[in-house]
Amino acid sequence: MLFSFSCNSRKKGKSDIEVLFTPDTLTAGYTYWWPESGPFIGECSTELSLVFRGVVTQLKEPTDEAGPLYTSQDGIIKLEQVYKIKDIGANKYTNQNYFKTDCFNGLDLKVGDAVLVSCYDYEGDYTIPGKKSILKISGDSDPIIKSIKKYIDKDQNPIKIRKDIKLWEKHFLDSALEKQIRCKQEMLKNN
């Protein structure tokens, strides 16, 4: 009998997505009117549609192109690792290596910064709801990477990452996570 063992036998989770990137760009709209942003939005957790880690490769100057609604600033992020892909139909993510949006104004980012990006879907397309959806991180070993992966792997159950509240405090997302935890606990209590 012949046995084969892998040196990398770690059990893979939902967030361990292998992507063969194509040299294309995915453009996401900016839902600037949404009252919340970041990975923990909605009354009791709105499903994330696309979550990835990447590096800012281009930032243009802010403009008033969007009119009086918001200050637009185009930027491009090169995707390095994808953690969540939700099939949203015809406009789904198809392994694009670059991500473009115009919601960079006020983020205090520069070319070369590592970021964690959380997208949702709106009217059949990916969208960024605001500043807390593009978070500056220290790189692939930033503690919130492990936390967001666990959150995705546990079907976005915020109770599973309740010990990580302090990690999210740095990004002013601790109260959003606490709100999601309370909601989930209330749902479980009532079932």
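Say we look at segment 146-156 and pick out the residues that are in contact (Cβ under 8 Å) with a residue 40 or more places away in the chain and under 13 Å from I181 (Cβ atoms); which of these is surrounded by the fewest Cβ atoms within 10 Å (Cβ to Cβ)?
The extreme case among them is Q156.
Based on this model, can you work out whether P35 counts as of a type outside the set (G, A, S), more than 26 Å from V111 (Cβ to Cβ), surrounded by fewer than 20 Cβ atoms within 10 Å (Cβ to Cβ) and over 12 Å from the mean Cα position of the chain (by Cα)?
Judged against the criteria, P35 is a match.
Restricting attention to segment 173-190, does a residue exist that is over 13 Å from the mean Cα position of the chain (by Cα), surrounded by fewer than 18 Cβ atoms within 10 Å (Cβ to Cβ), touching a residue at least 24 places away in the same chain (Cβ under 8 Å) and assigned to a loop (DSSP other than H, G, I, E, B)?
Checked segment 173-190: no residue is over 13 Å from the mean Cα position of the chain (by Cα), surrounded by fewer than 18 Cβ atoms within 10 Å (Cβ to Cβ), touching a residue at least 24 places away in the same chain (Cβ under 8 Å) and assigned to a loop (DSSP other than H, G, I, E, B).
Looking only at segment 4-15, how many residues end up being under 17 Å from Y83 (Cβ atoms) and either open to solvent by 100 Å² or more (accessible area, probe 1.4 Å) or modelled with pLDDT of 85 or more (or both)? Write out each step before concluding.
Initial filter on segment 4-15 (under 17 Å from Y83 (Cβ atoms)): 10-15.
Then keep just the ones that are either open to solvent by 100 Å² or more (accessible area, probe 1.4 Å) or modelled with pLDDT of 85 or more (or both); that gives 10-12, 14-15.
Matching residues across segment 4-15 total 5.
State all residues of segment 40-61 that are within 19 Å of F99 (Cα to Cα) and either of a type in the set (S, T, N, Q) or open to solvent by 60 Å² or more (accessible area, probe 1.4 Å) (or both); if no residue qualifies, say none.
S49, T57, Q58, K60, E61
Return yes or no: is P23 in a strand (DSSP E or B) and surrounded by fewer than 18 Cβ atoms within 10 Å (Cβ to Cβ)?
On the way: in a strand (DSSP E or B): yes; surrounded by fewer than 18 Cβ atoms within 10 Å (Cβ to Cβ): yes.
Yes; evaluated as a whole, the condition is true for this residue.
Scan segment 62-91 for residues that are open to solvent by 50 Å² or more (accessible area, probe 1.4 Å), part of a strand (DSSP E or B) and not aliphatic (A, V, I, L, M) and jot them down.
T63, K78, E80, Q81
Collect the residues in segment 110-155 that are assigned to a loop (DSSP other than H, G, I, E, B) and under 28 Å from G13 (Cβ atoms), keeping them in residue-number order.
If the condition is that a residue be assigned to a loop (DSSP other than H, G, I, E, B) and under 28 Å from G13 (Cβ atoms), then D113, G124, P129, G130, S138, G139, D140, S141, D142, K154, D155 are the ones that fit.
State the number of residues belonging to segment 92-144 that are over 18 Å from Q81 (Cα atoms), without any contact (Cβ under 8 Å) to a residue 40 or more places away in the chain and surrounded by fewer than 18 Cβ atoms within 10 Å (Cβ to Cβ).
Residues flagged as over 18 Å from Q81 (Cα atoms), without any contact (Cβ under 8 Å) to a residue 40 or more places away in the chain and surrounded by fewer than 18 Cβ atoms within 10 Å (Cβ to Cβ) within segment 92-144 amount to 4.
Residues are listed down the side, and each one gets a yes or a no for (1) touching a strand residue (DSSP E or B) at 6+ places or on another chain (Cβ under 7 Å); (2) farther than 23 Å from Y32 by Cβ; (3) at pLDDT below 95; (4) not polar (S, T, N, Q):
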site: T101; (1), (2), (3), (4): yes, no, no, no
site: D113; (1), (2), (3), (4): yes, no, no, yes
site: V117; (1), (2), (3), (4): yes, no, no, yes
site: Y126; (1), (2), (3), (4): yes, no, yes, yes
site: L135; (1), (2), (3), (4): yes, no, no, yes
site: I144; (1), (2), (3), (4): yes, yes, no, yes
site: S147; (1), (2), (3), (4): no, yes, no, no
site: D153; (1), (2), (3), (4): no, yes, no, yes
site: P158; (1), (2), (3), (4): no, yes, no, yes
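The values are calculated or read from the model by the stated rules, or taken from the named source; none is laboratory data. A quick note: this is a predicted structure, and the numbers were derived from the prediction, not measured. Positions of Cβ are generated from backbone atoms using ideal geometry, with glycine treated the same way; all protein chains shown enter the neighbour counts. Only protein heavy atoms, including side chains, enter the accessible area calculation; ligands, DNA and RNA are left aside. Shrake-Rupley method; radii C 1.70, N 1.55, O 1.52, S 1.80 Å.
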